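Novice: Pasting in a structure now, in structure tokens, and then I'll have a few things to ask.
The values are calculated or read from the model by the stated rules, or taken from the named source; none is laboratory data. Here the structure is a predicted model, which is why all the values come from computation and not from measurement. Note that we place each Cβ from the backbone using ideal geometry, even for glycine, and neighbour counts take in every protein chain shown. Surface accessibility is based on the protein's heavy atoms, side chains included, excluding ligands, DNA and RNA. Shrake-Rupley method; radii C 1.70, N 1.55, O 1.52, S 1.80 Å.
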Amino acid sequence: QPRLVESGGGLVQTGGSLRLSCAASERSFDTMGWFRQAPGKEREFVAGISMTGTGTAYADSVKGRFIIFRDAMKITVHLEMNMLKPEDSARYYCASSRYGAYSSTSITAFDSWGQGTQVTVSS
């Protein structure tokens, strides 16, 4: 299974932007997704992408604000987060799925997980 390492989290004001990145140690999966978990809440799907370029998927709460894209030369997926809101504050995790579809939103569809990176949006 690939090792996943996230980067790019931090503190930003409401309306600001951040870009998260997830670097994988090997290309042994079809889909990569971003999830987030706020204190006291369940981990939730944010966005997913096919590593073959067939599609992307987003949670309704981030549609139009977040963009997931992959680096064609590296095994890296980015999450561009714009118009950030305080409710976007959470620890963000990237995850890979060997066979799952890019539209998979279930945690159980993903095989490997990164350690997460914290995003805090101040009001």
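Novice: All but one of (1) exposed (fewer than 14 other Cβ atoms within 10 Å of the Cβ); (2) modelled with pLDDT under 95; (3) of a type outside the set (Lys, Arg) hold for Asp60; state the number of the condition that does not hold.
Specialist: (2)
Novice: Going by the conditions given, is Arg98 basic (Lys, Arg), more than 18 Å from Glu44 (Cβ to Cβ) and open to solvent by 30 Å² or more (accessible area, probe 1.4 Å)?
Specialist: Yes.
Novice: Quick one: in the stretch 63-77, which of the residues that are farther than 14 Å from Phe29 by Cα and surrounded by fewer than 19 Cβ atoms within 10 Å (Cβ to Cβ) is modelled with the lowest pLDDT?
Specialist: Ala72
Novice: Turning to a different aspect of this structure: Just the residues that are part of a loop (DSSP other than H, G, I, E, B), modelled with pLDDT of 95 or more and closer than 18 Å to Phe110 by Cβ, please, taken from the stretch 1-24.
Specialist: Residue satisfying the conditions is Arg3 alone.
Novice: If Arg70 passes every condition in (1) under 22 Å from Pro2 (Cβ atoms); (2) charged (D, E, K, R); (3) touching a helix residue (DSSP H, G or I) at 6+ places or on another chain (Cβ under 9 Å) but one, which one does it miss?
Specialist: Failed condition: (3).
Novice: Among the residues of the stretch 64-81, are any assigned to a loop (DSSP other than H, G, I, E, B) and among the polar types (S, T, N, Q)?
Specialist: Scanning the stretch 64-81, I find no residue that is assigned to a loop (DSSP other than H, G, I, E, B) and among the polar types (S, T, N, Q), so the answer is no.
Novice: On to the next question. Looking only at residues that are touching a strand residue (DSSP E or B) at 6+ places or on another chain (Cβ under 8 Å) and not in a strand (DSSP E or B) in the stretch 48-60, which one is nearest to Gly15 (Cα to Cα)?
Specialist: Checking each candidate, the answer is Ala59.
Novice: Taking Ser123 and the conditions (1) farther than 26 Å from Thr14 by Cα; (2) in contact with a helix residue (DSSP H, G or I) (Cβ under 7 Å, 6 or more places away or on another chain), which numbered condition does it fall short on, given that it satisfies the others?
Specialist: Condition (1) is where Ser123 drops out.
Novice: Moving on. Restricting to the stretch 1-48, count the residues that are open to solvent by 30 Å² or more (accessible area, probe 1.4 Å), among the charged types (D, E, K, R) and in contact with a helix residue (DSSP H, G or I) (Cβ under 8 Å, 6 or more places away or on another chain).
Specialist: Total meeting the criteria: 1.
Novice: Any chance the stretch 102-110 includes a residue that's of a type in the set (Ser, Thr, Tyr), open to solvent by less than 30 Å² (accessible area, probe 1.4 Å) and touching a residue at least 12 places away in the same chain (Cβ under 8 Å)?
Specialist: yes
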